[in-house]
Structures are given as structure tokens and as C-alpha cells.
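Contents: one structure, followed by commentary.
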Amino acid sequence: MQLKEQLFQTTQARFGCAPDQCDDHQLYEALLILTRNMAQNRPAPKGERKLYYFSAEFLMGKLLSNNLLALGLHDEVRALLADLGRDLGVIESMEPEPSLGNGGLGRLAACFLDSIAALGLPGDGVGLNYHYGLFRQKFAQNRQTEEPDPWLEADSWLIPTGVSFDVPFGGFDLKAVLYDIAIPGAGSGCANRLHLFDVAQPADAPWVGIDFDKGDIAHRLTSFLYPDDSDEAGRLLRVYQQYFMVSAGAQLILAELEAKGYALNTLADHVVVQINDTHPSMVIPELIRLLTEKGMSFDEALDQVRRTCAYTNHTILAEALEKWPLAFIQKAAPQLVPVIQELDRRMKAAHPDPKVAILDDQGRVHMAHMDIHCGFSVNGVAALHTEILKNAELKPFYDLYPEKFNNKTNGVTFRRWLEACNPELADLIDSCIGPDWRQDAKKLEKLLEFQEDGAVLDRLLAVKQHSKDQLCRVLWARQHIEIDPQSVFDIQVKRLHEYKRQQMNALYIIHKYLEIKAGRLPERPVTALFGAKAAPAYVMAKHIIHLILCLQKLIDSDPQVRPWLRVAMVENYNVTWAERLIPACDISEQISLASKEASGTGNMKFMANGAITLGTLDGANVEIAQLVGEDSIYTFGQHSDAVIRMYAGEENPAPDGRSYRPLEYYHRPAVERLVDFLVSPELLAIGDPASLSQLWRDMKNKDWFMALLDVEDYIAAKDRAIQDYGDRRAWAKKMLVNIAKSGYFSSDRTIEQYNEDIWKLK
């Protein structure tokens, strides 16, 4: 049956009318139903071995366009809608974005699922069906406020499976109800699944904000992603969430294994579990518990699990290397405690060094330690990050298990992050090198043949300007913010965290503001664009958002500065915003403190869309620099080895143990005036004095992520990039080189390497 007829039948059955009589939301619902059914009916990839990718979050983004591309229907649907006088972009705007993730961890998981399906590998995601996401960000009084972010409608991408599992908690059981989202693979003819577990009777959204009864596990467990953990109830809820996910997921694994006729003692032959950061780590003791319950000895169960589970470390930051009090696990999942204690006893007997203990002398379970001891693979996510793990952060483990450690540099799916979000650029690339890059991103390198082709470079600049013009219209429509489309678009969009150093970017803005007020006008206007959410309990991160919004208001109201400098922060940054911001970017801010950003994936998306990286040699920036050469990237700042030495206090340590003393850098004249502007009359007249003063004091006296260390070098590097932007042909060449070299960062390449070295699915 032709698609046109299918659409007619769907709208007739659903709404009692033909497609041309439907409103935009009705057409969206009809296309959702059609697309979901087509994806659901695709066969799963075949193989004797299957991957289960466990992750606390999957930041999927809107799925209609992505699924249409994967099903090979995108152009046909666009043409069909055009015949009806409708625009696919408008229809897509009706779709609520699934609130199943927040930052790079979740978006990487989504890209990975896309690539696993596209490569025809048998692999499903396992997570939780959050109803209200992290939160929906609103700005009020120059501050972030938080509201629930509901996304589930009567019709959604969720497929009820009729499957459920009983999860045993301390004192009660809770039914885990399984829903699936079909993940069709582009070009593979197959579809995998994202398995999402939910409670049977989820609670409604809170009446006000995101405060809710954290003790109501039966109804609130799947309400929010990463509930506020500033109190014990919040921390306990996280443990309940994690155990709920892994227990239901482990039961699903064993049920599917038995349904295929495989014996339990062949688990490691047919299953691989990828633990995405430490949130799913309890899958290890849970699998051991379930296997021993079914009659397997502890030794045999441990052997199977050791050969089944693999761990990806995504950061060296303490909050991602979780350490849960054993008492919390005793309360939430007491049946796991003897398993964890036995694992700890065995590991201590073999390796008495307390640095590698699973259970420390404070009664805390080190989740990463358990993952490394009880899995067969440990991977970092960029070359530098993996070396830091091996030589510093996890060195005691690398000394024990060098064979387990490997690197898998992250990647992004070009199907969403170029083809779907920037069709004009995709068309330009097609006209130069043909469409084969869509199946093999490495073929983008053929664009290097056009470095001296003036016509192609001019077209590339025109495509970028088109994206900038579009972003201006969207910013005006959504937030009534007006910016100059001819200005340099300098963009920093990522989770708000001090190590990502949005505060250092703010100091640059202050620098330019003061320069303009002194009559030293820049060569061209600059627009600094931000997008970020701060975790609700992360006070300092909220202060930084407050600072940025105050600077936005200050500059917006100053007729002397406004023509030359603008600041804008998008509200509720998400995948939908990213799909607008990334194609429009001129300068990509990747300015984390060296050694702290494991990889990054935003840097890769910006690169593929022709933005030029301004960054430290941190994470995947190192590999970007190697690929594009020094003429097509702007780097600055201390290198990672120097930073690591400063944290270690190897030379003249300060009372906090570091060699770094922020006051020494603060007292440099060029720095002091920038930091002191935080408590200037101009800003205090707009912002909250307590908030700005706390940020000012912290930057002077603590500056844990060393913004003052690098700020002068950062200012010089950014000024150099903005100056170079004026040579439009030379800048276009830099853009072309970045696009051409970005193919290495395809998640298809990353997944091929995971499969070859770790999963061995086919």
C-alpha cells in the first residue's frame, strides 16, 4: 500500500477525516502511528550474541524526523505534506521531546543506539521511563527555575509490551512494567529496542515546581531523572532507581536467554552488558544473585558475570564515580548486601591494597571498583582520557588489569547531527562529493579537494549565514531576543558545571564590555550564546547562570555596547535547541579545564557543521587538533599534565592540597578588574548581591576548576579567532577542513570499534 493511502486510512480511522482536513497536531499523530508501526514491524538483527546497553539516561530528541530518515521515508513524507500545503518542519514541531536524558551521557547513548541499529548489530538499550525528565528550565528574575517536563501523550513512541518483572526491595516488591521504543537502523532493514521500565501506577506531576515525596517509591520512582540528592531521601531514591533498572533489566536478560533455549551457564557466550557510567553498576551483583538463586554456584556465577559485563568510564569527576553507603543498599536491596560483601572479601584477599577495595573503611561501596574487578573491559572515551585513567585516576587498577583497559573515542550520529539538523549543508556536500558520506562518514575527507574552490567556499559561507538567520528568527519567536545575524556567533552549550567553565566565558564577556565602555571598539560584533541547565541542588552552577542572565540584561540595555556585543541564553536547552544552535555556530566553545572533560560530543557536532573549535587540549579536542591541524583550531590553556600536578600539590601545596592559588592569579591587574566586576554597581543593580558576592568570593579564593589560571590566554585566543573571522575566504577554508575531518567522529566508527574489541556480536 502506498504511503499516501496509508496516511489516508490512518487519519480516517483516527480522526474521521482525510489528511487535508487534519490540523498539524493530528497529522503529527498520524505520522507517529504510521512510523512507529513500521519501525516496530522491522525484524531484530540476528546473532548468537546480544548487547544490553544499560544507561541511566537516553537523550533521544524528537524521533519523527530521525525515524523517517532511518526508514527511508523522509523525502517522500516531505513531498506528500507539501502536496497538502503543509511543511514537515511545522509538523515535527508538534512533537514533545522525550524527557529521558539531560546531557552528553544520555545523548551519546542515543547516538550509540542509532549506530548499533544502522550497523545491523543485535543490541538493545535498558533504562527507565522518566515522566518529567530532569526538569523544564524557566528563567525568572534572572534566575533558573525548575518545572516538570512532561512528554507522554495519549500517543507516544512507547510500545506497551505486556511484560513485567517483580523487583524485590527491602520490605516490599514493586512491579517493573516494560515499554519499548523501536530503534530502526538506517539502511539495515532492522530495528532494535530501547527497553524502558516504569512503575505500574506512576504519580502525577507535582503541583508546584519539582518538589515531591521522595519516600513514595511505589509511585514516584520514575517521576524524575536524577532526583535532588542534597538530602538522604534523595540519595536513597537514586539507589532505588538504580536497583529497579538493573534488577528488571537483569531479569529481562535471563528471560530472553532462556526463551532462546540457551542454558544459564552459557550467559557469557550469548550476552554482553555494557555499563554506561556507574549508575547501572548494581547489575553485577544482581546478575550473580539471580544466577545463584537458579542453582549456580557463586564461583560459576561470578565467572559468567565477569565475562559478560563491560564498563565505560565517562569522567574522572567524583560525582560520576559513585560511592553508595552500604546502609543505603541494605535498605533498598538487602539481598544484594551479602553478594557485595562476598565480592569485596574475595577482591581484598587477592588484592589487599585499600585503593582498589570495593567496600571501604567508611562502609561505602565503590561502584567503579566493582565494575573493574568484576568485568572484562574498562574503556575511556577519548585518547587523553584513557591515558589519564591508566596513569593517574585508575592507575592501581591498570597495574592489576592492564589487559582490560582500552580506548573508544566517542562519536555522534551524522544522520541526526548533519543530515537532519542541517539539510542545506548536507545538500552542499552531496553536490561536491556525492551522497556516499551518509553511509560512510570518513568519505567526507573528499571535501579537502575543494579547499581552493572559491565557489564552494562561498556556498559554504552562504549555508552558514542561512542557519544563523534561521536561529535569529527562532530566538525572536521563542524568547523575544533580537541578535545581529551578521555578528560572530560564539556558542557554548552544555551542562552547567564549573569544570566546563561557563564562568570563564562570562569573564571574557566582561572584558569586552569594559573595552567597549572605554571606547575601544572591536573589529566586528560578537554574540555570545549559551544553553545550559544547572542541577537543582548545584548552587554555584545556578549562580553562574544568574551571572550570565545579568550580563545579558546589562548589555541589552546599554546602547553603547549593544551594537557590538550581545549575550543570550536559550531557555530549557535540549536536543531541539541544539539542532538550531549547532548549524549556526561560528566559534565552538570547548573550554573545560584540561584533564576534566573525558571526551565531549558537542565539539564533534559543531565540527561537523563547520564551526571552529576554541578549546583547551582536553578530551576529544586533542584528537580534533591532530586531525585539522593548528590552522583550523584555536587552543589555549595549561596542559592536562600540569593541571594534574597542580591538583596533586606536587609543588608548594596550598591548604586545600593543590599547588594552585587563585589569589595569585586574581591579583594580576588584567584579571582583578574582570573578577571584581561581578560585584560592580552595574551588576549589583540588576542581580542578587548575595549570589554575585558568593560567586566573586569563590572565584578569588577557591576557583576549583582554575578559570583564573587560563583566562588571559583564553581572551587572547578568542580575540585572535574573532579577528581571523574577518578574512571570510580563509575562515571558510577552516570550516571546510573541519567538516572534512569530522568523519572520524561518527558513532558508526565508535560502535564498530566497540564491537570488534569488546562486544564481538558478529
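The values are calculated or read from the model by the stated rules, or taken from the named source; none is laboratory data. Treat the numbers as computed from the prediction; the structure is a model and nothing was measured. For neighbour counting, all protein chains shown are included, and Cβ atoms are generated from backbone atoms with ideal geometry for every residue, glycine included.
Quick notes on this structure:
- Any chance G687 is crowded, with 22+ Cβ neighbours inside 10 Å, at pLDDT 95 or above and not in a helix (DSSP H, G or I): yes
- Sub-6 Å Cβ pairs linking a first residue in region 420-432 that is more than 14 Å from D458 (Cβ to Cβ) to a second residue that is assigned to a loop (DSSP other than H, G, I, E, B), at least 6 apart or interchain, are N422/N609, ordered by first then second residue.
- Residue match in region 188-208 (condition: over 24 Å from the mean Cα position of the chain (by Cα), in a helix (DSSP H, G or I), crowded, with 18+ Cβ neighbours inside 10 Å and not hydroxyl-bearing (S, T, Y)): no
- Conditions (1) under 14 Å from Y52 (Cβ atoms); (2) crowded, with 24+ Cβ neighbours inside 10 Å; number of the one not met by S223: (1)
- Per the conditions (1) free of Cβ contacts under 8 Å to residues at least 12 places away in the same chain; (2) under 29 Å from the mean Cα position of the chain (by Cα), the sole criterion not satisfied by N276 is (1).
- Qualifying residue in region 708-724 (condition: under 18 Å from I429 (Cβ atoms), among the acidic types (D, E) and touching a residue at least 60 places away in the same chain (Cβ under 8 Å)): no
- Elements of the type helices (runs of 4 or more DSSP H) sitting completely within region 18-120 and holding at least 1 residues that are in contact with a strand residue (DSSP E or B) (Cβ under 7 Å, 6 or more places away or on another chain) and in contact (Cβ under 8 Å) with a residue 12 or more places away in the chain: these cover 24-41, 64-70, 104-118.
- Selection status of E752, among the charged types (D, E, K, R) and in contact (Cβ under 8 Å) with a residue 60 or more places away in the chain: yes
- Residue ID - nearest to A203 (Cα to Cα), chosen from residues in region 170-187 that are surrounded by 21 or more Cβ atoms within 10 Å (Cβ to Cβ) and out of contact with any strand residue (DSSP E or B) (no Cβ under 6 Å at 6 or more places or on another chain): G185
- Boolean, G133 is buried (at least 20 other Cβ atoms within 10 Å of the Cβ) and either modelled with pLDDT of 95 or more or not assigned by TED's automatic domain parsing to the domain that holds Q251 (or both): yes
- With respect to (1) in contact with a helix residue (DSSP H, G or I) (Cβ under 9 Å, 6 or more places away or on another chain); (2) buried (at least 16 other Cβ atoms within 10 Å of the Cβ); (3) under 19 Å from Q503 (Cα atoms); (4) without any contact (Cβ under 8 Å) to a residue 60 or more places away in the chain, the lone exception for R658 is condition (3).
- Residue pairs whose Cβ atoms lie under 6 Å apart, separated by 6 or more positions or on different chains, with the first residue in region 566-592 and not assigned by TED's automatic domain parsing to the domain that holds S467 and the second aliphatic (A, V, I, L, M) and at pLDDT 95 or above, do not occur.
- Selected residue [within 20 Å of I751 (Cα to Cα), out of contact with any Ser or Thr (no Cβ under 9 Å at 6 or more places or on another chain) and outside the structural domain of E258 (by TED's automatic domain parsing)] from L3, L80, L51, L69: L69
- The residue that is nearest to K323 (Cα to Cα), counting only those in region 336-381 that are surrounded by fewer than 22 Cβ atoms within 10 Å (Cβ to Cβ) and either touching a residue at least 60 places away in the same chain (Cβ under 8 Å) or of a type in the set (D, E) (or both), is D360.
- Members of region 258-297 found to be over 20 Å from V339 (Cβ atoms) and in contact with a strand residue (DSSP E or B) (Cβ under 8 Å, 6 or more places away or on another chain), listed by number: H270, V272, Q274, N276, D277
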